[in-house]
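Reviewing the structure listed below.
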Amino acid sequence: MNTAAISLPTPGPLLTRGAFSGVMVALLVVCAVAPALNLLVPADSVFHLSDYLVGLLGKIMCYAICALAMDLIWGYTGILSLGHGLFFALGGYVMGMYLMRQIGRDGNYQSDLPDFMVFLDWKELPWHWALSDSFIATLLLIVLVPGLVAFVFGYFAFRSRIKGVYFSIITQALTFAALLLFFRNETGMGGNNGFTDFKRILGMPIATQEMRMTLFVMTGLTLLGFYVFARWLVASKFGRVLQAIRDAESRVMFCGYNPLPYKLTIWTISAVMCGIAGALYVPQVGIINPGEMSTAASIEIAVWTAVGGRATLVGPIVGAFLVNGAKSWLTVAFPEFWLYFLGVLFIAVTLWMPQGVVGLVKKFKKGGQA
Amino acid sequence: MTPDLMEAGAQRFEKLQTIALPGQTESGGRSAGYGRFAKAGEVDTTHGRILYLEDVHVSFDGFKAINGLNLDIAPGELRCIIGPNGAGKTTMMDIITGKTRPDSGTVFFGSTIDLLRYREPEIAALGIGRKFQKPTVFEQLSVFENLELALATDKRVGRSMVFSPTGEEKDRLAEVLTTIHLADSASRQAGLLSHGQKQWLEIGMLLMQDPKLLLLDEPVAGMTDEETARTAELFLSLKGKHSLMVVEHDMSFIRAISEKVTVLCDGSVLAEGSLDEVQADERVIEVYLGR
């Protein structure tokens, strides 16, 4: 048979036509529609986007980045991390340290030192605050700190071939250990109060409508950027090796791949994405405390991903919006039932919607065509 | 030294000369007096052997799975391995591919590579491909993507991120797709293939790595007669280009492909020869029909 006659499947474009228009619409909404509705439309108009909603949407977009990061490691590589809250908090704390230093002498105690240090009767900055005055160093550390923690932890965990539920438990334990560490006043991270009462970022006041909008747009652009990046990763052979590791790891080894660097790379990328999300989150909500490292916070990230649909990329983003939208409504309407709702949601999705919302939509579409 | 001892020695030498391998000179193809460099990572088959196991022992919790196994395979040979359940066939493949460490013994790939010093991915990279009993293909990926993953190329993370097959590699992919009769299903999801097609796809994935030695564990289990016949055809076409070691229970399949059959029992070789020879061997009959 003539082998030249065989048509090999050619790789599709990075974004399908639908995905491309989706990204373009989102780009338009984030960069033009939302700022216009918030800043230009008068507050009494029905079309006005309230500051509250801008804050809420900005926050949810940070969560969506986390869900996207979780999808890369859980949905595509089959490694369930229950410690992504740690990386989110680390990024947030690095940003928080910078914002604390930006307060300058405007704190309650009018000291050069952050208020909580004055309160603890410390006389000078601890060593790990050395770079917190520089914005450039802060940007670097937002990537480096979560990245390095993830790399070192991941190296030892993956090298020991820790898998499945054991890996999940260890990540959970690591996060809990970090929670306890950050709770201590001696750690120099503000103890259980964490950092708050931020005044400025890059010398500009942080609580203005314009600054909120700027942070909102940056978060939206980061989310879209990460989405396209994740799409590229998943469409490359690297992404297919990850899926192969998820489905049959020993077979991957017999194909001549060493799974360790693959897992370690995606694990570290995922952690860095979470760290960046945390750094964008802190100036928007105005507080970071060890609560972000709580068990529930990390599990929630997994819930968003599962609800939206694992291994779909767009699913986790949808999931983060759906669950957090529901959360902001339910915690006001029925505050005591939120956690029950979350638990039931997770069980229901696992049992009846293994592909999540996106899977459900796909199913309906197929059913409609048939 | 007495004359009769010298005579016996001469006879033994004569005998050794006659059983020397066909096509091999006594110096293993080298010109006398010249040494050779053993090239690292390259299989040296000048001694006429691609795989060589000697006196291998493995026990699991006191159970001797492999007990003094001696076995060797020539380049381009298609060797069938048969034996009752628990004879150690799968354990032997585990040892060759680095999955199981033997307690003692020697396992050489060619004359120079001591396989016991390598780990699984390294052994795969050296040129030993293995097909498992249960077909394991990457079910979520397409047939084409499965083969592309198996392609012999730089398998580091950075290269994988920017990988795109070259013209030569595309030809190779097309060639293997044809060989395994899956050219029409290239974009199909592997999980949707029939059992026999999955087996072929897995064999195709082994071929993509261009292995020197192929280990196949029950390749026709669960196949229809027609699929079995096509598989036999496929194996015969691979013989010569690759060395194959096939573990199988299906005697008609073995009859169709084999030239030399090795019978394993209780972790060591019971008999070796053509299928008719081993089937006539009384010990083999005893093992198979029960004591």
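Read-outs throughout are calculated quantities, based only on the coordinates presented, and are distinct from any laboratory measurement. Bear in mind the structure is a predicted one, so any value in this text is a computation, not a measurement. Note: ideal-geometry Cβ built from the backbone for every residue, glycine included; neighbour counts use all protein chains shown.
Span-like helix check, chain A: qualifying full DSSP H segments, with Cα axial length of 30 Å or more and mean Kyte-Doolittle of 1.0 or more, are A:135-159, A:209-235, A:259-285. Label point of A:Ile162 set 7 angstrom out along Cα-Cβ; within the stretch A:174-199, amide nitrogens under 15 Å from it belong to A:174-178.
As a calculated quantity, the FRET efficiency between B:Glu42 and B:Lys241 at R0 = 22 Å, using C-beta atoms, amounts to about 0.80. Mind giving me the FRET efficiency for A:Lys327 and A:Asp51? R0 is 22 Å, r the Cβ-Cβ distance, nearest 0.05 is fine. Rounded to the nearest 0.05, the efficiency is 0.70. Going by a ≥ b ≥ c, the root eigenvalues of the Cα gyration tensor, does the stretch A:32-188 fall in the rounded group (a/c under 1.5), the prolate group (a/b larger than b/c) or the oblate group? Verdict is oblate for the stretch A:32-188.
Extension gain, A:Asn192 to A:Phe135: 0.36 nm times the residue separation minus the Cα-Cα distance gives 18.0 nm.
Peptide packing: for B:162-172, B:72-82, the average count of neighbouring Cβ atoms within 10 Å per residue gives the ranking B:72-82, B:162-172, highest mean first. Segment A:Val285..A:Asp44, full-extension length gain: 84.3 nm, with 0.36 nm per residue of separation and the alpha-carbon distance subtracted.
For the pair A:Asn185 and B:Asp276, label points projected 7 Å from Cα toward Cβ lie 9.5 nm apart.
Its Cα gyration tensor gives the stretch A:269-370 an equivalent ellipsoid, and the semi-axes of that ellipsoid, as √(5λ) in whole Å with the largest first, are 27, 18, 12.
Modelled label positions at A:Leu345 and A:Gln209, each set 7 Å beyond Cα in the direction of Cβ, lie 3.1 nm from each other. R0 = 45 Å: FRET efficiency of B:Lys15 with B:Arg188, Cβ-based, nearest 0.05? Efficiency for this residue pair is about 0.20.
For the stretch A:35-110 versus the stretch B:254-291, the spacing of their alpha-carbon centroids is 70 Å.
Ordered by the count of other Cβ atoms within 10 Å of each Cβ, fewest first, A:Cys31, B:Cys265 give A:Cys31, B:Cys265.
When the protein assembly as shown is described by a simple charge dipole with +1 on each Lys and Arg Cβ and -1 on each Asp and Glu Cβ, the residue from A:Val33, A:Leu57, A:Gly278 located farthest towards its positive end is A:Val33. Fewest-first ordering of A:Lys263, A:Lys237 by other beta carbons within 10 Å of each residue's beta carbon gives A:Lys237, A:Lys263.
With the highest mean first, a sort of the peptides A:312-322, A:326-336 on other beta-carbon atoms found within 10 angstrom per residue produces A:312-322, A:326-336. When only the Cβ of Lys, Arg, Asp and Glu is charged (+1, +1, -1, -1), the dipole of chain A relative to its Cα centre reaches about 1600 debye.
Antiparallel beta bridges, as assigned by DSSP with both residues in the stretch B:42-289, represent about 55 percent of the total such bridges. Dividing the convex hull volume of the alpha-carbon atoms in the stretch B:42-289 by its residue count gives 138 Å³ per residue. Cβ crowding within 10 Å, taken as a proxy for footprinting-reagent exposure, orders B:Lys241, A:Lys59 from fewest neighbours to most as B:Lys241, A:Lys59.
Using Cα centres only, tell me the gap between the stretch B:225-241 and the stretch A:223-242 in whole Å. Answer, in whole Å: 39. Size of the protein assembly as shown from its Cα atoms: along the principal axes, largest to smallest, the extents are 114, 66, 51 Å.
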